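Peer 1: The following block contains the structure, expressed as structure tokens.
The values are calculated or read from the model by the stated rules, or taken from the named source; none is laboratory data. This is a predicted model, so every value here is computed, not measured. With ideal geometry, Cβ positions are generated from the backbone for all residues, glycine too; neighbour counts draw on all protein chains shown.
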Amino acid sequence: MTETMTPATQGGRDQDFLAPAARLRGAGIGGLEELTDIQRSERLARMREGTMGSIHSWELVTAVDGPGTRMTVFLNGCPLRCLYCHNPDTFLMKDGEPVEADELLRRMKRYRNVFRASGGGITLSGGEVLMQPAFAARLLAGAKAMGIHTCIDTSGYLGRNATDEMLDNVDLVLLDVKSGDEETYKKVTGRELAPTIAFGDRLAAKGIEIWARFVLVPGLTDSPENVENVARIIERWGSVVSRVEVLPFHQMGTDKWDALKLEYKLRDTRPPEPELVESTRAIFRSHGFTVH
Ligand code: SF4
């Protein structure tokens, strides 16, 4: 695919939590080596050691996925099944493309000046980046060695997969807090909330900057009680939280769910009204956060 830059003045896209389908600029795996002839067992061994990973795509974006202009890489594989997921094609690792870590690092190196000039860097997203911890660790270490700002975008559910050594190479974590109580979290994601809280606690103890993110879905995550509980969770992480992002639900992933023949339960859910977005942001603001 062609590779183009998102103009710095334009911002990235209209909805931060969207990933591949909505990311038309610079999307794809163009220019990356496709390793279709490597034996499966060898490939698995290389994925275990992290010299190879499974990715959906990568792109250059500005003003999303962290500060400045960033190269965002979408890794395949996710243990959650969020009802509003816009990337169901990243659910499974086997559906991604095998890519050499070194090839991605060479590409990052080419954009070093862009990152430096814009205050940007790289962001590893997904899917769930911590499904492929060895691969992610190698990319993060390689980027840091080149002086590039690093970020991971994660639900935190697999936080235990992140070694301290890996986290030493992470400058910023975009941490999704998908709901504030166990019951709603389970309804939204199919999994438990506790690992996310534990991961945030760990980041806070290590002093790693967090941008906390919350997807606002009418009728699912929008009750003031739920939002208040999310705010309380984020509050425990203290000053490492430099911003909170409230991301309005949007119906842009529907086609993917249909194409994959998966049941999309939010088909009739409307995006939140501006007033609801604002009142939700106000709850976070009342806790002293800088809210976007
Ligand atoms: S964490 Fe949720 S929204 Fe993100 S890729 Fe996984 S299922 Fe989709």
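Peer 1: Testing Thr221 on (1) over 20 Å from Met131 (Cβ atoms); (2) of a type in the set (S, T, N, Q); (3) surrounded by fewer than 22 Cβ atoms within 10 Å (Cβ to Cβ), one condition comes back false. Which one is that?
Peer 2: So the condition that Thr221 fails would be (3).
Peer 1: Then there is this: Within segment 113-156, track down each residue that is more than 21 Å from Val177 (Cβ to Cβ), within 16 Å of the ligand (Cβ to nearest atom) and touching a His at 6+ places or on another chain (Cβ under 8 Å).
Peer 2: none
Peer 1: Still on this structure, please answer the following. Which of the following residues is closer than 30 Å to Glu263 by Cβ, in contact (Cβ under 8 Å) with a residue 60 or more places away in the chain and of a type in the set (Asp, Glu): Glu97, Glu128?
Peer 2: One residue alone meets the criteria, Glu97.
Peer 1: Please work out which one of (1) at pLDDT below 95; (2) in contact with a helix residue (DSSP H, G or I) (Cβ under 7 Å, 6 or more places away or on another chain) is the condition Leu124 fails and give its number.
Peer 2: Going through (1) at pLDDT below 95; (2) in contact with a helix residue (DSSP H, G or I) (Cβ under 7 Å, 6 or more places away or on another chain) one by one, Leu124 breaks only (1).
Peer 1: Report, by residue number, each residue of segment 76-100 that is within 14 Å of the ligand (Cβ to nearest atom) and farther than 30 Å from Gly219 by Cα.
Peer 2: Met93, Asp95, Gly96
Peer 1: For the subset of segment 157-175 comprising residues that are surrounded by fewer than 18 Cβ atoms within 10 Å (Cβ to Cβ) and in a helix (DSSP H, G or I), which member is nearest to the ligand (Cβ to nearest atom)?
Peer 2: Arg160
Peer 1: Please identify the pairs in which a residue from segment 242-255 that is surrounded by fewer than 15 Cβ atoms within 10 Å (Cβ to Cβ) has its Cβ atom under 7 Å from the Cβ atom of a residue that is of a type in the set (Ser, Thr, Tyr), counting only partners at least 6 apart or on another chain.
Peer 2: Correct list of pairs: Ser242/Thr290; Thr254/Tyr264.
Peer 1: Looking at Asp255, Asp268, Asp222, which is the one that is over 26 Å from Cys151 (Cα atoms) and assigned to a helix (DSSP H, G or I)?
Peer 2: Asp255
Peer 1: In addition: Is at least one residue of segment 176-185 in a helix (DSSP H, G or I), more than 13 Å from the ligand (Cβ to nearest atom) and hydroxyl-bearing (Ser, Thr, Tyr)?
Peer 2: Yes; the residues of segment 176-185 include at least one that is in a helix (DSSP H, G or I), more than 13 Å from the ligand (Cβ to nearest atom) and hydroxyl-bearing (Ser, Thr, Tyr).
Peer 1: From the list Gly68, Gly12, Gly30, which residue is modelled with pLDDT under 90, more than 30 Å from Leu193 (Cβ to Cβ) and surrounded by fewer than 23 Cβ atoms within 10 Å (Cβ to Cβ)?
Peer 2: Gly30
Peer 1: Being away from the ligand (no atom under 16 Å from the Cβ) and either without any contact (Cβ under 8 Å) to a residue 12 or more places away in the chain or closer than 22 Å to Leu139 by Cβ (or both) is the filter here, so list the residues in segment 186-204 that pass it. Don't jump to the end; show me each part of the working.
Peer 2: Of segment 186-204, the ones away from the ligand (no atom under 16 Å from the Cβ) are 198, 201-204.
Arg202, Leu203, listed by residue number.
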